[in-house]
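Peer 1: Questions regarding the structure given below will be posed in turn.
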Amino acid sequence: MTSVVENKQKDSVPKNESNIPTNKSDKSNVKSNKSWRANDRKLDAARRKYEYNYTYIPSIAMVEKLAVQEYPSRVWIDLVAGKFTIILINSLLNSQNKIFHIFRNDVLQNILVVIIQLIARWVIYPLMIIVAFLENNAFISRILEFLFLRWIIKLNVAQAIIKFLFSVRKRPESDAPEKVTSLQQYNDLFQKIKLPNIANDFQEDDVFAYMRVAGYNPVMIERVTPEDNKLESKFPVTNAQYQQVMGDNDSLTDALADGRLYLADYQGLEGAANGTFPKEQKYLYAPLALFAVPKDKGLNPSQLMRPVAIQCSQNPEDAPIVTPKSEKYAWLFAKTIVQIADANFHEALSHLGRTHLFVGRFTIATHRELPDNHPLSLLLRPHFQGTLAINDAAQESLIAPGGGVDKLLAATIDNSRTLVQADLQNYSFNEAMLLKQLKKRGVDDKDKLPVYPYRDDARDIWDAIHTWVRDYLKLYYGNDQAVESDTYLQNWARDVIAYDGARVFDFGEQNEDKPIHTLKYLTDHEYKPIQTLNYLIDAVTLIIFTASAQHAAVNFPQKDIMSYMPAVPLAGYQPASVLKQDKVDKQGYLNLLPPIKQAEGQLDLLYLLGSVYYTQLGHYGDDYFQNPAVQPILENFQKNLQDIETEITLRNRISYTYTYLLPSRIPQSINI
């Protein structure tokens, strides 16, 4: 998203952005002092536009009110309108009212798409500009106030549009039975929207295992180690059960010693309050799922790990251990419970909390503390386009009581928001670096875990971004002293960690006498959170990677995988205790799945969220960076991304396909 008036980025960039003053104590340069005063006036104005709010999601820093500069662009609205029209046509074709079946005609469908896009382009977008003008013109605002037309000033067209798009429309109760009797009923929801490929093979064990390394939430599995063996404490899989799946030539002991055991543990969801909105009883689970890489993986370097066992509760006394050798529908029931837990962890934490809200806090701090012409501001702002608009609309509608999250996800809306809050408050910035995360989970060794497309692609993207950020920042910071003496930079960093600022946990470098996040220095303006160039490079790399690649990895599979509800239900409709029964039959499994009206709501919302590709990583626009020294290193970044695209494409031909981190499919920012 760009400014509502869509000024070209180059028009707001100074001719030589490298000359901005960084040390306020230097009074010798008259021109520098004038620049300081001008920047300070602009920042004071920006702080009034970008105020923090800590009540929308309690304790999490969000923007109080969306600034006009954050309104969606015409191009973005046009893109979204096209996708929304497809969803609308799909719903009309699903309607029981036969009059809507006229939209089976491709010509009429195309006409409807064009009409809605024209309305978006020539009615909605101009209305946004008018409202923005009224809101920001003091003279007209006073006249409207005098005429008691306050509603015109307060009308937020941009937010209203996104709220409408994020809404999950209510389906008439008479349109469908509460419970389904076959998967075909879910397949029939796909009319104008193409049935995803996952519908053909989601029940296969290989696909279930592949979800852990290349699905919508590929960040959960951890290697089981002898030092931290959760199998002994709460998941008592026996060697006999293991050998039934992996063969007599292998053993649980050998797999543990070789580092071939991997666990997906959803303990963080334990004790969640089960939701009932809109009226059905829903269930959220805290299962454990064990996977193993075959012993003979050396004979096949593309050997995917296999699912070994599932326990649908953290307490082994509450749930039996189910394996691929169990009864067919019991095993499918257990796998679906894992998918439900994984989807709820994904939507609340991996997606909303750790990308949208994580990046949103840096967006606000950047506007408040870094002048437009500051080198770091120039680098970061393209990676923040649209983030505040999406986050603001989400908190108003998507994660509000009665919104899409409340309707579709398993827990109560209060519980879902609490999960986000608790996770983000303890999500360490310094431990979130990609390579640290992979090592911490024990999944960084390709010899032990050969097939992990997310890991392999993400590392390549991380390295390319890190090189770009390093080369760019070195143009402006020749050494650590230059970093420490940049007053704007240090003010930005202090705002990032401050209690009355962005409240980012564990950001900054630690001094011996000032541990990170102690009350001792939160108001100490002498403390410099960033002391070295290397730390600044790593920190900026993480911010850009999260805003681009990480969000792409967790957002776009929503369309291809999660929109098909049987593959990834967002809630369960039977308790896990069903598995204690003697046998789970086909209807018992189907009873676990959401009703049709819930499935259509999931399809509508996740298809939209996973369909809009706006901007592309590494493409900042012609002449965006006015400093001529930037151009060659930017071209090198773009070349690195092209090389990665080629390498990933080659990997996809010889191994398992994973396309979500192809550089050409990674937007610059979180804008949907």
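The values are calculated or read from the model by the stated rules, or taken from the named source; none is laboratory data. Bear in mind the structure is a predicted one, so any value in this text is a computation, not a measurement. When we count neighbours, we look across all protein chains shown, and the Cβ atoms used for this are built from the backbone with ideal geometry, even at glycine. Keep in mind that these areas ignore ligands, DNA and RNA; they rest on the heavy atoms of the full protein, side chains included. Shrake-Rupley method; radii C 1.70, N 1.55, O 1.52, S 1.80 Å.
Peer 1: Take peptides 614-620, 647-653 and line them up by average Cβ neighbours within 10 Å, highest first, as a rough protection proxy.
Peer 2: Descending packing order for the listed peptides: 614-620, 647-653.
Peer 1: Now for a separate question. Using amide H atoms built in the peptide plane, which far-off residues or other-chain residues are under 5 Å from GLN668 H to H?
Peer 2: When sequence neighbours closer than 5 places are left aside, the close amide H contacts are GLN616, LEU617.
Peer 1: Sort 633-645, 306-318, 452-464 for me by packing, meaning the mean count of neighbouring Cβ atoms within 10 Å per residue, highest on top.
Peer 2: Going by the mean number of other Cβ atoms within 10 Å, highest first, we get 452-464, 306-318, 633-645.
Peer 1: Right, something else. Can you run phi through the Karplus equation (6.51, -1.76, 1.60; θ = phi - 60°) for segment 587-592 and list ³J(HN,Hα) in whole Hz, with x for Gly and Pro?
Peer 2: Here the 3J(HN,Hα) series is 5, x, 5, 5, 5, 5 Hz.
Peer 1: Once you've got the Cα coordinates, tell me which of LYS474/LYS528; LYS279/LYS559; LYS234/LYS279; LYS192/LYS279; LYS335/LYS580 are over 23 Å apart.
Peer 2: Listed pairs above 23 Å: LYS279/LYS559; LYS234/LYS279; LYS192/LYS279.
Peer 1: Let me ask something else about it. Sort 621-627, 373-379, 319-325 for me by packing, meaning the mean count of neighbouring Cβ atoms within 10 Å per residue, highest on top.
Peer 2: 373-379, 319-325, 621-627
Peer 1: Cβ under 9 Å from LEU93's Cβ, LEU93 left aside: what net charge do those residues give with Lys, Arg +1 and Asp, Glu -1?
Peer 2: +2
Peer 1: By a straight-distance test (C-alpha under 15 Å), which aspartates and glutamates pair with LYS440 as possible cross-link partners, with residues fewer than eight away in the same chain excluded?
Peer 2: GLU222, GLU227, ASP228, ASP265, GLU431
Peer 1: Can you give me the solvent accessible area of VAL75 with a 1.4 Å probe, rounded to the nearest 10 Å²?
Peer 2: Spelled out: VAL75, probe radius 1.4 Å, area about 70 Å².
Peer 1: Then there's this: Can you give me the C-alpha center-to-center distance between segment 246-305 and segment 380-418, rounded to a whole angstrom?
Peer 2: That distance is 29 Å.
Peer 1: Expressed in nm to one decimal, what extension gain is obtained for the pair ILE111 and SER182 from 0.36 nm per residue of sequence separation less their Cα-Cα distance?
Peer 2: Full-extension gain reported as 22.1 nm.
Peer 1: For segment 232-384, report the accessible area per residue in Å² (1.4 Å probe, heavy atoms, rounded to an integer).
Peer 2: Counting only protein heavy atoms, the per-residue value for segment 232-384 is 31 Å².
Peer 1: Find the accessible area per residue for segment 415-471; the probe is 1.4 Å, ligands and nucleic acids are left out, and the unit is Å².
Peer 2: Value for segment 415-471: 38 Å² per residue.
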